[in-house]
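Novice: Sending over a structure as structure tokens; questions will come in a sec.
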Amino acid sequence: MPESQTPVAVPLARKPLGMLKSLAAARNNVLSIIPYIATQQPVVSGTTGVRWHMLMDPDAIRRVLLEELENYPKSDVTKNLLRPAIGESLFIAEGAHWRWQRRAAAPVFSHRNVSALAPVMSAAAETSLARIEAADKRASDIYAEMVRATFDITASVTLSGSALFSSDEVHRAIDAYIAANSRRSAGAGDVPDLLDLLLEGEDPETGRSMSTAELRDNLLTFIVAGHETTALTLAWAFYLCAFDQDVQDKARAEAQSALQGRTATAADLPNLPYCRMIIDEALRLYPPAALVSRTAQAPDTLAGREVKKGDTVMIPIYALHRNALLWDDPDAFRPERFAEKPQRYAYLPFGDGPRICIGASFALQEAVIILATLLAKRRFSPVQGKTPDPVMILTLRPEGGVWLTSEAV
């Protein structure tokens, strides 16, 4: 890593912004409203129109995400923002409606099913490598490339072999695809896709299965959230590897030893621990869902702070992952820190508690397969003057792209 340098970071607020400045800042980058002291303290509170509390204390976060889950539903702002895109899916639903969907969908992401989908990930990694090789030493936007690769994977494993599926008409295509009555009666192929698995899924407590509308909403969630968040993770991981060539060299040596010229598969994952650490560290420094918001339904106390009914309770995951009370040298890129398991509720790239991201194992498998396959064959370097800017609107994206050059190794 370059001396006295750390990877790009969001400039957090050094003084109170007030309501108007907060709104203006949030329109450009939601994370810029987080006070810098949130990286130094366990809890920060204030009033900007409404009372709010930012939690960086793992015990308080555990209370919100696990022990008092029903008292802290997703905020109305979050739900209203996302409902038009993904309906009443697992990500939006609350209470009993969420619980039965979660029970029905959980087997879809079992270790066996996720491993069975790995060949699609390996094929996408090969195709991505071919595109990067074709660019030769010309600079390319690795973020755009990762969006393409992960979308190909998500489309294939969600609706495999569908002539009706179109990336330009996702909503209409999914409705048309599910509406084909033969799909519910036809058996799955050799490797069932996510729709096959959801069609077979039912709540073990009630026997209830998903309606067509519920299937559509959850498939949309998997497509939208599944491909973009993994693409972001990989884009930031490649940026970090280009930023620190020593880390990249170590990961490449591991990948070359494990793969011996092959494309990575699910079976290779146990032999790629350092590549996984890079993914984990990328998720720490640039978590795709970098800020979550809840609304207190009843009075409570969090980290010694009084919470009133109606207060907004935020978990600024970006600040949590860079909090000096929880992490050593928090702004530095150090994959080795994940050689040991981090403190529970101090590291939340996929959330935690009952609502932890159902597709986490899928995303991690996909990310390691692609990262290892590409690093084993190419050396990535930064492009001067093209440093990405971490900006969050809905997700934490590299504004301007991740422009890198690569060469064969």
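Coordinate-derived values only; no laboratory data. Quantities reported herein were computed from a predicted structural model and do not represent experimental measurements. Cβ sites come from the backbone with ideal geometry, for glycine too, and all protein chains shown count toward neighbours.
Novice: Which of G310, G261, G49 moves the most in a Gaussian network model of the chain with Cα springs under 10 Å?
Specialist: It is G49.
Novice: Check which residues have an amide H placed less than 5 Å from V292's amide H, if you skip close sequence neighbours.
Specialist: Excluding prolines and chain starts, which carry no amide H, the hits are I315, I317.
Novice: Starting at the first residue of region 276-285, write each ³J(HN,Hα) from the Karplus equation 6.51 cos²θ - 1.76 cosθ + 1.60 with θ = phi - 60°, in whole Hz, x for Gly and Pro.
Specialist: Using θ = phi - 60°, the values come out as 5, 4, 5, 4, 4, 6, 4, 5, 6, 6 Hz.
Novice: What ratio of Cα Rg to 2.2 N^0.38 Å holds for region 18-408?
Specialist: 1.00
Novice: What is the sum of charges around N271, taking Lys and Arg as +1, Asp and Glu as -1, for the other residues whose C-beta is under 13 Å from the C-beta of N271?
Specialist: Net of charged neighbours comes to 0.
Novice: If we count every other residue with Cβ under 11 angstrom of L259's Cβ, Lys/Arg +1 and Asp/Glu -1, where does the sum land?
Specialist: +1
Novice: Full-extension gain between D389 and T212, please, as 0.36 nm times their residue separation minus the C-alpha to C-alpha distance.
Specialist: Between D389 and T212, full extension yields 59.7 nm more.
Novice: Can you run phi through the Karplus equation (6.51, -1.76, 1.60; θ = phi - 60°) for region 314-322 and list ³J(HN,Hα) in whole Hz, with x for Gly and Pro?
Specialist: 10, 10, x, 4, 4, 6, 4, 6, 10
Novice: Work through the residues other than G49 whose Cβ is under 13 Å from its Cβ and net out their charges, Lys, Arg +1 and Asp, Glu -1.
Specialist: Net charge in that neighbourhood comes out at +1.
Novice: If we count other beta carbons within 10 Å of each Cβ, what is the order of D268, D152, D249, fewest first?
Specialist: By the 10 Å Cβ count, ascending: D249, D152, D268.
Novice: Take Y36 and Q260, extend 7 Å from each Cα along the Cα→Cβ direction, and tell me the distance between the two endpoints in nm.
Specialist: For Y36 paired with Q260, the spin-label model returns 5.3 nm.
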